[in-house]
Each structure stands twice: as structure tokens, then as C-alpha cells.
Ligand code: IPD
Ligand code: CA
Ligand code: CA
């Protein structure tokens with residue numbers, strides 16, 4: 001099967017998962033604690049179960065890794081976040097996403113991010129361009145930082161990252177037109193590709209948060225690296241992505257010790 005047909009099938013799966021999330025959204029959820037100040041709901045589990053079943057039915061030879069149930073950790077595999085933005089979802093804030101990537105070792109080959117509350121599916125495969133539904137996404141080179149609208153995420157899960165993160169935030173805050181913290185990294189990345197944000201950076205994300213969004217932003221024409229300019233992969237400790245002009249300024253501000 002060619003990559004475009006594969007991506008179209010994965011878009012359909014992400015949309016099915018998004019519909020499941022919408023059925024849970026705003027209802028009484030079963031919430032459990034997992035990890036440091038982290039939670040999981042019955043909606044996360046139902047979405048992951050659906051995605052796992054659908055992908056293994058359509059692509060029986062490709063192994064699966066999901067945030068909530070684990071699985072294959074090398075080679076060619078799916079890397080899935082069934083609900084990115086769980087805390088938003090649990091509080092009734094409409095900003096959340098489904099993220100599905102096809103990954104080879106540490107490199108995403110294809111990614112789909114579904115934003116069910118906006119009815120938007122953003123997707124890409126390496127070398128094939130990025131799309132919102134059928135519409136190609138082609139970013140321009142952007143404007144200087146004082147005209148740039150940025151997104152970021154806080155490293156709330158790892159107290160050791162707070163001081164270095166805040167130092168970088170302090171510098172960017174003094175230069176950017178505006179910065180938003182929405183609480184869903186997959187949503188943030190999709191919205192850079194979509195042209196809503198001009199750039200995004202975060203520390204301490206996991207492969208399932210970023211794998212799909214990373215290939216989408218690159219295919220849309222944004223620049224992607226770690227915050228110090230090193231090449232990014234799904235295990236990178238930081239991520240920086242922006243249109244070309246603000247990227248250079250963000251890199252300068254964030255990579256300083
Ligand atoms: C979280 C979101 C959030 C980011 C966290 C992630 P989850 O994912 O992407 O924006 O700051 O680090 O863990 O737990 O809602 O899937
Ligand atoms: Ca996540
Ligand atoms: Ca999640």
C-alpha cells in the first residue's frame with residue numbers, strides 16, 4: 001500500500017477515536033492517578049483500545065505502541081497518544097487531540113493529529129507534504145519574534161526542568177508578540193503546521209506527544225530541532241519548531257546557557 005492511502009486510513013481511524021472522545025467529553029469520567037501529578041481517564045483507555053483494534057485490523061503486520069498500554073519499542077511501529085490534553089479534557093476545556101504516528105526506530109515517517117472539537121485532521125508523510133483534510137499546508141518564512149504568536153508547554157511532570165525552562169521562557173517573553181500555553185503538545189504542533197502559531201517549544205515530552213506532530217510541521221515547511229539546534233528525534237529531551245525567521249531568534253534565545 002502506498003503512503004498516501006495508508007495516511008488516509010489512519011486519518012479515518014483518528015476521526016473514529018475523536019468521535020469516541022466527544023462521546024465522553026463533558027460527562028462524568030472515571031479518573032485514576034498515574035505518575036507524578038498525572039491522570040488517566042476511561043476516555044483515554046477507550047480511545048486507545050479503539051485505535052489499537054482498528055490499526056491491527058487494517059495493518060496486521062505493523063506492531064503498536066500506545067501511551068496507556070505500551071507495546072513495541074523499536075523498528076517499524078505505530079506510536080499513539082489516544083488523548084493528548086487529558087487534564088483539559090477532564091476539566092471540560094475543549095483543547096485536546098488524538099495523535100497517531102508511524103515510526104521507524106526514532107524517526108516518524110507519517111503522522112496524523114485529529115482535533116475533534118474543531119473537526120480538523122492534520123496529517124503528513126515524509127516527502128509527501130502536509131495537509132488539513134484535503135488542503136495542502138505550506139508555511140511562509142514567518143515574521144520577526146515581535147510579530148510572532150507562539151505556543152509553549154510547562155515541564156510540570158519534572159521539577160528539575162523548571163528552572164532551565166523558566167530561564168528560556170523569560171528571554172522569549174521579553175521578545176515575542178504573544179505566548180500561549182494550551183496543554184496539548186500534539187494540538188500545539190498541529191496548529192504550527194496549520195499556521196495558527198508561528199512557533200512552539202517544550203521540554204520533557206514523550207514520543208507519543210510529538211512523533212505525529214513533528215513530521216507534520218516539517219512537511220508544512222517549519223524548522224524542527226532540539227532547543228539547542230541539535231537534530232530532533234522522538235526521544236529528544238526538548239523540541240523547538242517554528243517558521244524560519246522566528247526559529248533563528250528562538251534558537252538564539254533558548255540555546256544560551
Ligand atoms: C500532556 C500534554 C501537555 C504536555 C505534557 C503531556 P497528556 O499529554 O501534551 O501539553 O505539557 O507534558 O504529558 O498527558 O495529556 O497525554
Ligand atoms: Ca500526551
Ligand atoms: Ca495522553
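The values are calculated or read from the model by the stated rules, or taken from the named source; none is laboratory data. The structure displayed is predicted, hence computed values, not measured ones. Note that each Cβ is placed from the backbone with ideal geometry, even for glycine, and that neighbours are counted across all protein chains shown.
I'd like to verify a number: residues in the stretch 74-84 that are in contact with a strand residue (DSSP E or B) (Cβ under 6 Å, 6 or more places away or on another chain) and either crowded, with 24+ Cβ neighbours inside 10 Å or not in a strand (DSSP E or B) (or both), how many?
We begin by selecting, within the stretch 74-84, every residue in contact with a strand residue (DSSP E or B) (Cβ under 6 Å, 6 or more places away or on another chain); these are 76-81, 84.
Now restrict to residues that are either crowded, with 24+ Cβ neighbours inside 10 Å or not in a strand (DSSP E or B) (or both): 78-81, 84.
Residues meeting the conditions: 5.
Taking the criterion of being within 11 Å of ligand 3 (Cβ to nearest atom) and either assigned to a strand (DSSP E or B) or under 23 Å from residue 76 (Cβ atoms) (or both), the residues of the stretch 90-106 that qualify are 97, 98, 99.
Of 75, 70, 92, all but one fail to be closer than 24 Å to residue 33 by Cα and more than 16 Å from ligand 2 (Cβ to nearest atom); the exception is 92. With a requirement of 1 or more residues that are in the same structural domain as residue 93 (by TED's automatic domain parsing), more than 19 Å from residue 110 (Cβ to Cβ) and in contact (Cβ under 8 Å) with a residue 24 or more places away in the chain, the strands (runs of 3 or more DSSP E) lying completely within the stretch 7-69 that satisfy it span 31-33, 39-41. Being out of contact with any helix residue (DSSP H, G or I) (no Cβ under 9 Å at 6 or more places or on another chain), under 23 Å from residue 204 (Cα atoms) and away from ligand 2 (no atom under 16 Å from the Cβ) is a property that residue 7 lacks. Scanning the stretch 197-213 for residues that are within 16 Å of ligand 1 (Cβ to nearest atom) and over 16 Å from residue 114 (Cβ atoms) yields a count of 10. Within the stretch 145-159, the set of residues being surrounded by 14 or more Cβ atoms within 10 Å (Cβ to Cβ) and away from ligand 2 (no atom under 16 Å from the Cβ) comprises 145, 148, 149, 150. Give me the pairs: first residue in the stretch 75-92 and in contact (Cβ under 8 Å) with a residue 12 or more places away in the chain and not assigned by TED's automatic domain parsing to the domain that holds residue 183, second residue near ligand 1 (Cβ under 6 Å from one of its atoms) and assigned to a helix (DSSP H, G or I), beta-carbon distance under 8 Å, and six or more apart or on different chains, which are they? Going by the 8 Å Cβ cut-off, the qualifying pairs are 81/209; 84/185; 84/209. In the stretch 161-177, is there at least one residue being more than 17 Å from residue 123 (Cβ to Cβ), within 12 Å of ligand 1 (Cβ to nearest atom) and exposed (fewer than 15 other Cβ atoms within 10 Å of the Cβ)? For the stretch 161-177, residues more than 17 Å from residue 123 (Cβ to Cβ), within 12 Å of ligand 1 (Cβ to nearest atom) and exposed (fewer than 15 other Cβ atoms within 10 Å of the Cβ): absent.
Taking the stretch 166-257 and the helices (runs of 4 or more DSSP H) fully enclosed by it, the elements with 2 or more residues that are over 19 Å from residue 144 (Cβ atoms) and in contact with a strand residue (DSSP E or B) (Cβ under 8 Å, 6 or more places away or on another chain) are at 185-193, 207-220.
Restricting to the stretch 177-192, count the residues that are farther than 21 Å from residue 78 by Cα and either more than 11 Å from the chain's Cα centre (by Cα) or within 14 Å of ligand 2 (Cβ to nearest atom) (or both).
Filtering the stretch 177-192 for residues farther than 21 Å from residue 78 by Cα gives 177-183, 191-192.
Narrowing the set further to residues that are either more than 11 Å from the chain's Cα centre (by Cα) or within 14 Å of ligand 2 (Cβ to nearest atom) (or both) leaves 177-183.
Qualifying residue count for the region: 7.
If the condition is being within 23 Å of residue 107 (Cα to Cα) and without any contact (Cβ under 8 Å) to a residue 40 or more places away in the chain, then the stretch 134-158 contributes only 136. Just one of the listed residues (205, 240) is farther than 18 Å from residue 67 by Cβ, in contact (Cβ under 8 Å) with a residue 40 or more places away in the chain and under 14 Å from the mean Cα position of the chain (by Cα), and it is 240. Residues being buried (at least 19 other Cβ atoms within 10 Å of the Cβ) and over 13 Å from residue 152 (Cα atoms) are represented in the stretch 191-206 by at least one member.
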